[in-house]
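What follows is a set of notes on a single structure, which appears directly below.
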Amino acid sequence: MANENATKLAVLIDADNAQPSIAEGLLAEVAKYGTAHVKRAYGDWTSNHLKGWKEQLLTQSIQPIQQFGYTSGKNATDSAMIIDAMDLLYSGRFDGFCIVSSDSDFTRLAARIRESGLTVYGFGERKTPDPFVAACDKFIYTEILVSKPDEEQPLKPRSAAQLKQDGGLINLLRNAIDAASDEDGWAGLGGVGSIVTKQRPNFDSRSYGYVKLSELIASIDLFEMERRSPGEGRPRVIYVRNRPPRREAG
């Protein structure tokens with residue numbers, strides 16, 4: 001039986017600006033955040049440029065929205081996508097939007113949707129301009145959604161030594177744990193992840209080669225972790241704490 005309270009999402013794809021190879025991984029990722037009630041891809045479907053997308057439209061049940069390129073460039077596609085997004089926003093039927101593009105032209109759209117209290121998930125390549133990334137609640141790089149058949153993970157996990165050298169990562173995690181911690185310094189992993197995403201929308205443990213945030217934190221070996229049971233029959237919850245500095249022997 002379907003969950004009537006599931007988050008309702010609208011997925012809008014700038015096909016001129018996104019690779020068709022991401023389609024399957026994209027929708028699998030979207031499913032983690034809610035149900036895609038609308039799936040639309042925008043572009044000039046009479047052009048051979050979008051030939052690779054046509055098979056994905058059928059396989060993934062994505063509705064193609066035709067937009068002729070009346071002038072050079074892709075501004076017409078962007079405009080059509082933005083107009084549709086606003087129509088869907090005003091319908092009041094959705095809880096969030098997934099905007100798939102590496103184009104900074106959608107920065108204001110993402111900000112406007114968030115101003116209305118809805119969640120915005122951005123999807124784009126690593127070349128995506130920072131303003132668009134920052135305008136989203138969460139931003140997922142599409143490179144990590146495409147894995148080769150002979151690979152279990154898109155990236156090789158970084159070693160503890162490599163992770164410890166990433167000062168930005170360590171500070172981000174330490175500050176998030178401090179912000180979410182109780183009087184004893186322990187913080188629920190869910191709360192830590194939420195704060196990390198708010199501070200850095202494009203943060204993703206998979207970018208470091210780890211599927212889960214808990215695996216990344218454990219690999220760094222600078223934090224204490226423990227699993228607690230909130231009650232009988234309920235799944236255990238992971239808590240983390242900044243490891244106190246080691247005292248030198250006198």
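The values are calculated or read from the model by the stated rules, or taken from the named source; none is laboratory data. Computed from a predicted structure; not experimentally measured. Cβ: placed from backbone, ideal geometry, glycine included. Neighbour counts: every protein chain shown.
Residue 215 meets each of the listed conditions (1) within 18 Å of residue 164 (Cβ to Cβ); (2) over 26 Å from the mean Cα position of the chain (by Cα) apart from (2). Within the set 192, 240, 196, the sole residue that is closer than 27 Å to residue 101 by Cβ and either without any contact (Cβ under 8 Å) to a residue 24 or more places away in the chain or not in a loop (DSSP other than H, G, I, E, B) (or both) turns out to be 196.
Per-residue answers, yes or no, for (1) in contact with a Cys (Cβ under 8 Å, 6 or more places away or on another chain); (2) within 26 Å of residue 146 (Cβ to Cβ); (3) at pLDDT below 95; (4) surrounded by 18 or more Cβ atoms within 10 Å (Cβ to Cβ):
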{"position": "163", "(1), (2), (3), (4)": "no, yes, yes, yes"}
{"position": "166", "(1), (2), (3), (4)": "no, yes, yes, no"}
{"position": "183", "(1), (2), (3), (4)": "no, no, yes, no"}
{"position": "190", "(1), (2), (3), (4)": "no, no, yes, no"}
{"position": "194", "(1), (2), (3), (4)": "no, no, yes, no"}
{"position": "207", "(1), (2), (3), (4)": "no, yes, yes, yes"}
{"position": "230", "(1), (2), (3), (4)": "no, no, yes, no"}
{"position": "234", "(1), (2), (3), (4)": "no, no, yes, no"}
{"position": "237", "(1), (2), (3), (4)": "no, no, yes, no"}
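Applying the criterion of at least 2 residues that are within 24 Å of residue 213 (Cα to Cα), β-branched (Val, Ile, Thr) and outside the structural domain of residue 36 (by TED's automatic domain parsing) to the helices (runs of 4 or more DSSP H) found wholly in the range 85-189 leaves 167-180. Listed by first and then second residue, the pairs with beta-carbon distance under 7 Å, at least 6 apart or on different chains, first residue in the range 28-50 and closer than 16 Å to residue 138 by Cα, second in a strand (DSSP E or B) and among the hydrophobic types (A, V, I, L, M, F, W, C), are 29/140; 30/9; 30/11; 30/36; 30/98; 33/9; 34/9. Restricting the first member to the range 135-150 and to residues that are modelled with pLDDT under 95, and the second to residues that are of a type in the set (S, T, N, Q), the beta-carbon pairs closer than 6 Å and six or more apart or on different chains are 146/21.
Yes/no matrix, rows are residues, columns are (1) in contact with a Gly (Cβ under 9 Å, 6 or more places away or on another chain); (2) closer than 14 Å to residue 9 by Cβ; (3) not charged (D, E, K, R):
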{"residue": "25", "(1), (2), (3)": "no, no, yes"}
{"residue": "37", "(1), (2), (3)": "no, yes, yes"}
{"residue": "53", "(1), (2), (3)": "yes, no, yes"}
{"residue": "90", "(1), (2), (3)": "no, no, yes"}
{"residue": "115", "(1), (2), (3)": "no, no, no"}
{"residue": "123", "(1), (2), (3)": "no, yes, yes"}
